[in-house]
Amino acid sequence: MDIVYPNSSGTRKPIGTAPEGACDAHMHVCDRRFALFGSPAAMVDKATVDDYRLQQQRIGTQRTVVVQPRVHGTDNGVTLDAIRALGPAHARGVAVLRPDVTDAELERLHAGGIRGIRFTLYTPTNAATDFSMVEPLAQRVHALGWHVQLHWNADQIAAHADLLARLPCTIVFDHLARLPLPDALSHPAFGVVNRLRDKGRTWVKLSGAYLDSRTGAEGGYADTIGIAQAWVRQAPERVVWGSDWPHPTEPVARKGSPTTRCCSTC
């Protein structure tokens, strides 16, 4: 009997085999036991740690980076709980914080496996942080050896190039750096990210292929796969892969339409 995998359509195994120790560098856990932030409609059900373990079995990864989801705001308890459940030897996390976070809280989060902070600013809707918070928080978490993870659109990356150059810590750009189609590689953000990467402290996540795709699942995300391939050609040692499970921006996929290539066949 075919297994039903929560928040992932289809039942087939990936066409490739994940190598030993493979890491899903971007996924979320959503759990109604924890406080919700913003619109309850953003909540994704069947996205607990137990649900994700089924997905791990399907794609063959052993390690995980749990990224604080927008729906839980700055209540990082959901991510800390997920790290504990998955096991500190196999999981780390990325938190969402505001500048009033105490040093004691930073130390508690570090002990719980948090190793980065995320700024989801591509849209102001339900954003828990803003651009003014990036630099002061980056200065504080740099002392802990954490990184800054940015879900910004390409125009925002280009507009804040000077800010990005000032940040002292490692920078990770989410979801292919959200380069827009059809001329993704001509956008100024492509050059901004390349220059930062060439300084040795910047990474790009090969995730969220559906976010800017025009061809969609039916077209195999051929347009955004080209962007991913460009990042790989530029510096294969500076990219990481993430499933973006449970695909919180893709309600259609959660209802059973063709799933994202990043989830089923990468």
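Just so you know, all these numbers are worked out from the coordinates, no wet-lab data involved. If you're wondering where the values come from, they're calculated on a predicted model, not measured in any experiment. Please note: Cβ atoms are built from the backbone with ideal geometry, for glycine as well, and neighbour counts cover all protein chains shown.
Report, by chain and number, residues whose modeled amide H sits under 5 Å from the one on G73, excluding near sequence neighbours (fewer than 5 apart, same chain).
Long-range HN contacts for G73: F37.
Can you put M27, M43 in order, fewest other beta carbons within 10 Å first?
Result, fewest neighbours first: M43, M27.
Taking square-rooted eigenvalues a ≥ b ≥ c of the alpha carbon gyration tensor, is segment 1-107 rounded, prolate or oblate, where a/c under 1.5 means rounded and, failing that, a/b exceeding b/c means prolate?
Working: a/c = 2.69, a/b = 1.53, b/c = 1.76.
Because a/c hits 1.5 or more and a/b fails to exceed b/c, segment 1-107 counts as oblate.
Please compute the contact order of segment 23-264 in relative form: average sequence separation of alpha-carbon pairs under 8 Å and at least six residues apart, divided by the residue count, as a percent. Write down the numbers at each step before the final one.
Details: 432 pairs, mean separation 41.7, N = 242.
That works out to 17 percent.
What is the Cα centroid distance between segment 121-200 and segment 56-70, reported in whole angstrom?
Segment 121-200 and segment 56-70 have Cα centres separated by 23 Å.
Amide H neighbours of V67 under 5 Å, at least 5 residues apart or on other chains, H built in the peptide plane: list them.
M27, H28, V29, V94
Go through 112-121, 134-143 and give me the packing order, highest mean Cβ count within 10 Å leading.
With the highest mean Cβ count within 10 Å placed first, the list reads 112-121, 134-143.
How much length would be gained if the chain were fully extended between A159 and T215, taking 0.36 nm per residue of separation minus their Cα-Cα distance, in nm to one decimal?
17.4 nm
Can you check how the C-alpha radius of gyration of the chain compares to 2.2 N^0.38 Å, as a plain ratio?
Details: Rg = 17.5 Å, N = 266, 2.2 N^0.38 = 18.4 Å.
It is 0.95.
7 Å from Cα along Cα→Cβ at both E237 and T249: what's the point-to-point distance in nm?
Reported label-point gap for E237 and T249 is 3.0 nm.
Label points 7 Å out from Cα along the Cβ direction at E107 and L36: separation in nm?
Label at E107, label at L36, 3.6 nm between them.
Calculate the spin-label point distance for Q229 paired with R53, positioning each point 7 Å from the Cα along the beta-carbon direction, and give it in nanometres.
3.9
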